[in-house]
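K.L.:
What follows is a structure written as structure tokens; I'll ask about it next.
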Amino acid sequence: MREIRVELGERSYRIAIESGILADIGKSLQKFGFTSKASLVSNPTVFGLYGACVTESIKAEGFEVSVIIVPDGEEYKNLSSVEKIYGAMLTSALDRKSVLIALGGGVIGDMAGFAASTYMRGIDFVQVPTTLLAQVDSSVGGKTGVNHPMGKNMIGTFWQPRLVWIDIDTLKSLPRRELLSGLAEVIKYGVIWDEGFFRLLEENRDKVLSLDKDILSRVVQLSCEIKAKVVSEDERESGLRAILNYGHTLGHAIETATGYKRYLHGEAVAIGMYAEARLSRELGLLDAGQLARIKALIEAFDLPAAIPEEVDPRSLLSSMKLDKKTVEGDITFILPEEIGKVRIHKGLSSKEIEKVFGNKD
Ligand SMILES: NC(=O)c1ccc[n+]([C@@H]2O[C@H](COP(=O)([O-])OP(=O)(O)OC[C@H]3O[C@@H](n4cnc5c(N)ncnc54)[C@H](O)[C@@H]3O)[C@@H](O)[C@H]2O)c1
Ligand SMILES: [Zn+2]
């Protein structure tokens with residue numbers, strides 16, 4: 001089994017990664033000293049595939065499990081779903097030493113984590129992520145939350161899980177488009193942190209796409225390691241953690257401009273990564289060869305790189321200015337200087353930004 005420790009003092013925890021470990025989740029809960037009542041939060045899609053395996057495994061260790069099903073979809077990541085989760089937890093009489101288990105993608109993980117962080121002022125939770133995006137990104141790092149009608153992820157907490165349990169076999173049932181979307185975040189880790197990892201992706205494209213166990217578990221491990229390192233240094237995003245936003249400054253604006261309908265998150269991030277790399281090139285920070293490699297890897301994983309024709313660069317600019325990470329209108333960009341190294345860049349003029357984002361190639 002591959003294991004990573006996320007070092008956060010008394011909030012440190014373990015990420016376990018392997019193929020075929022879903023049925024061992026129950027045993028892995030034993031040593032935490034949780035009381036016997038547990039709740040499992042999932043959606044009908046994921047619960048239908050893996051719910052029986054997980055609940056049986058937990059019950060076999062003596063836990064009494066109540067199952068909480070939230071409808072599938074980002075539109076249900078809201079406070080009214082959280083209220084239902086609280087209600088179910090109260091009905092099952094979960095106490096302050098009980099555990100909440102999130103089984104699903106990032107939507108379930110964010111929402112269950114938020115519920116756990118606020119139920120009785122905070123109880124323990126365990127992440128069992130089942131999408132690639134959740135395995136390499138959202139389940140690690142402790143950001144939880146829900147959407148508000150006025151903005152995505154506007155309500156949330158920092159609340160670290162006690163354990164992240166990743167069975168890469170769950171990716172076999174994931175729709176290909178969701179898999180590719182998760183790979184955008186994986187490419188991101190290569191660009192921001194590790195050229196060797198980027199090369200591993202270049203050299204093993206086919207194995208990654210055919211879900212080769214060795215390569216896939218390595219890819220998930222390396223991704224989690226990079227995220228864990230960044231988060232350990234800057235848990236609450238006062239500095240370094242911002243680099244995880246590479247591709248996201250523009251990516252979020254693309255999602256907004258297209259009404260969150262046309263692109264999955266990772267697809268918008270892929271467009272953002274290439275555009276921000278072009279911005280870096282334009283400023284003379286990145287050479288043409290490295291830019292070409294970034295584009296080629298994005299396209300090798302069938303992800304989009306170009307900004308869609310119909311999107312107006314001025315609308316992108318105004319939406320980036322409204323982003324919650326923008327302070328006083330000064331947009332922060334994460335710009336690659338070479339593959340494996342980025343810098344946090346501020347103070348660009350609207351003209352410089354529009355010039356690059358107006359050029360759609
Ligand atoms: N907390 C963080 O740090 C963080 C980071 C990135 C993203 N997020 C959040 O994550 C969410 C997106 O997560 P996501 O991309 O995992 O989407 P998701 O949770 O909506 O899952 C995508 C789809 O795949 C289905 N699914 C999940 N696992 C499956 C499996 N193994 N087989 C078949 N189908 C499966 C789901 O039911 C859903 O329909 C967003 O709300 C985003 O804000 C959070
Ligand atoms: Zn992302």
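The values are calculated or read from the model by the stated rules, or taken from the named source; none is laboratory data. Keep in mind that what you see is a predicted model, and the values were worked out from it rather than measured. Note that each Cβ is placed from the backbone with ideal geometry, even for glycine, and that neighbours are counted across all protein chains shown.
K.L.:
From the residues in the range 85-141 that are of a type in the set (S, T, N, Q) and within 17 Å of residue 167 (Cβ to Cβ), which one is nearest to the chain's Cα centre (by Cα)?
P.N.:
138
K.L.:
Return only the number of the condition from (1) in contact with a helix residue (DSSP H, G or I) (Cβ under 7 Å, 6 or more places away or on another chain); (2) crowded, with 24+ Cβ neighbours inside 10 Å that residue 280 does not satisfy.
P.N.:
Every condition holds for residue 280 apart from (1).
K.L.:
Let me ask something else. In the range 340-358, how many residues are closer than 13 Å to residue 272 by Cα and either assigned to a loop (DSSP other than H, G, I, E, B) or of a type in the set (S, T, N, Q) (or both)?
P.N.:
So the count comes out to 0.
K.L.:
Oh, and also: Among the numbered conditions (1) more than 13 Å from ligand 2 (Cβ to nearest atom); (2) farther than 26 Å from residue 101 by Cα; (3) among the hydrophobic types (A, V, I, L, M, F, W, C); (4) touching an Asp or Glu at 6+ places or on another chain (Cβ under 9 Å), tell me where residue 168 comes up short.
P.N.:
Only one criterion in (1) more than 13 Å from ligand 2 (Cβ to nearest atom); (2) farther than 26 Å from residue 101 by Cα; (3) among the hydrophobic types (A, V, I, L, M, F, W, C); (4) touching an Asp or Glu at 6+ places or on another chain (Cβ under 9 Å) is unmet by residue 168, namely (2).
K.L.:
Does the range 125-138 hold any residues that are in contact with a strand residue (DSSP E or B) (Cβ under 8 Å, 6 or more places away or on another chain) and in contact (Cβ under 8 Å) with a residue 60 or more places away in the chain, and which are they?
P.N.:
Of everything in the range 125-138, those that are in contact with a strand residue (DSSP E or B) (Cβ under 8 Å, 6 or more places away or on another chain) and in contact (Cβ under 8 Å) with a residue 60 or more places away in the chain turn out to be 126, 128, 130, 135.
K.L.:
I've got another one for you. Say we look at the range 214-273 and pick out the residues that are part of a loop (DSSP other than H, G, I, E, B), at pLDDT below 95 and hydroxyl-bearing (Ser, Thr, Tyr); which of these is farthest from ligand 2 (Cβ to nearest atom)?
P.N.:
The extreme case among them is 238.
K.L.:
Let me ask something else about it. For the range 124-164, enumerate the residues that are in contact with a Ser or Thr (Cβ under 6 Å, 6 or more places away or on another chain) and more than 7 Å from ligand 1 (Cβ to nearest atom).
P.N.:
Across the range 124-164, the qualifying residues are 127, 129, 136, 156, 157, 159, 164.
K.L.:
Inspect the range 152-169 for any residue being closer than 28 Å to residue 24 by Cβ and assigned to a helix (DSSP H, G or I) and give the result as yes or no.
P.N.:
Scanning the range 152-169, I find at least one residue that is closer than 28 Å to residue 24 by Cβ and assigned to a helix (DSSP H, G or I), so the answer is yes.
K.L.:
Can you tell me which residue among 212, 234, 302 is free of Cβ contacts under 8 Å to residues at least 24 places away in the same chain, over 20 Å from residue 356 (Cβ atoms) and either among the aliphatic types (A, V, I, L, M) or away from ligand 1 (no atom under 15 Å from the Cβ) (or both)?
P.N.:
Sole residue among the options that is free of Cβ contacts under 8 Å to residues at least 24 places away in the same chain, over 20 Å from residue 356 (Cβ atoms) and either among the aliphatic types (A, V, I, L, M) or away from ligand 1 (no atom under 15 Å from the Cβ) (or both): 212.
K.L.:
Turning to a different aspect of this structure: Which one of these does residue 246 not meet: (1) closer than 24 Å to residue 174 by Cβ; (2) touching a Phe, Trp or Tyr at 6+ places or on another chain (Cβ under 6 Å)?
P.N.:
Result: residue 246 passes all but (2).
K.L.:
What are the residues in the range 312-323 that are part of a loop (DSSP other than H, G, I, E, B) and either buried (at least 18 other Cβ atoms within 10 Å of the Cβ) or under 25 Å from the mean Cα position of the chain (by Cα) (or both), if any?
P.N.:
Residue satisfying the conditions is 323 alone.
K.L.:
Please enumerate the residues belonging to the range 249-262 that are within 13 Å of ligand 1 (Cβ to nearest atom) and either touching a residue at least 40 places away in the same chain (Cβ under 8 Å) or over 15 Å from the mean Cα position of the chain (by Cα) (or both).
P.N.:
If the condition is that a residue be within 13 Å of ligand 1 (Cβ to nearest atom) and either touching a residue at least 40 places away in the same chain (Cβ under 8 Å) or over 15 Å from the mean Cα position of the chain (by Cα) (or both), then 252, 255, 260 are the ones that fit.
K.L.:
I've got another one for you. Could you please give the count of residues in the range 36-57 that are surrounded by fewer than 18 Cβ atoms within 10 Å (Cβ to Cβ), aliphatic (A, V, I, L, M) and away from ligand 1 (no atom under 16 Å from the Cβ)?
P.N.:
Within the range 36-57, residues that are surrounded by fewer than 18 Cβ atoms within 10 Å (Cβ to Cβ), aliphatic (A, V, I, L, M) and away from ligand 1 (no atom under 16 Å from the Cβ) number 0.
K.L.:
Restricting to the range 109-151, name every residue that is closer than 23 Å to residue 173 by Cβ and assigned to a strand (DSSP E or B).
P.N.:
Residues satisfying the conditions are 126, 127, 128, 129.
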